[in-house]
Amino acid sequence: MSVASTTGRALGPIESVIDLIDRARSLNFVVIAELVGLLSEDALRSALDRAQRRHPLLGVCIVRRGADASFSSEGVGAIPLERIDGGDVHALAEREMNVPLPRERGPLVRCVWIVEPDAPQRSTLLLTFNHTVGDGTSGALLMRDIVALAGGSVDGPPLPMPAPLEAHLPPWTRGPRGLWRLLRFIAGLGLAFAGEH
């Protein structure tokens, strides 16, 4: 399955910084769900495909032209699904965090499904994301959606391409100096918190 090439927009300043840092060191995060009940690979594959069609950032890659970067869905395939029979969940999550996602060809998310050989009704899903397309909260919500879709819940129409992260931040963080104000504010919080302990 290839995602329709109808989405795309320039990365916002924070997304661009995340992308540049990710090029130096993987900024993946992993969301884990332990499941009880039989789940078929076909149902999981269908759930991933439906979620990808609904959420535009699940079907993008990052295209760089000089200093400019943008999201594009051109030629991006399905969310990869790897099935593993048994395994150490924590070791696999660590692997997933450290293996870069293919930013130039996408998608910027992948799924590992760990099935217990002696108890096939117990399995674990690992969803790995690049931070340019999500955070822990959005990852947890997507995991909930995928589990519901795998169980047969009806999904809704495609959502619009979300605005850059800056659009959701306070006005003082916007503009040419806004990113630096935000970074100084976050650094100040970290120093204040460290001083309390």
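The values are calculated or read from the model by the stated rules, or taken from the named source; none is laboratory data. The structure displayed is predicted, hence computed values, not measured ones. FYI the Cβ positions are ideal-geometry reconstructions off the backbone, even for glycines, and counts take in every protein chain you see. Each accessible area value is taken on the protein alone, full model and side chains, heavy atoms only, with ligands, DNA and RNA left out. Shrake-Rupley method; radii C 1.70, N 1.55, O 1.52, S 1.80 Å.
Along the Cα-to-C-beta direction of residue 121, a point sits 7 Å from the Cα; which residues of region 27-64 have their amide N less than 18 Å from that point? Backbone N within reach: 34-41. Of the accessible area of region 5-74, with the probe set at 1.4 angstrom, what percent is carbon plus sulfur? The value for region 5-74 is 54 percent carbon and sulfur by accessible area.
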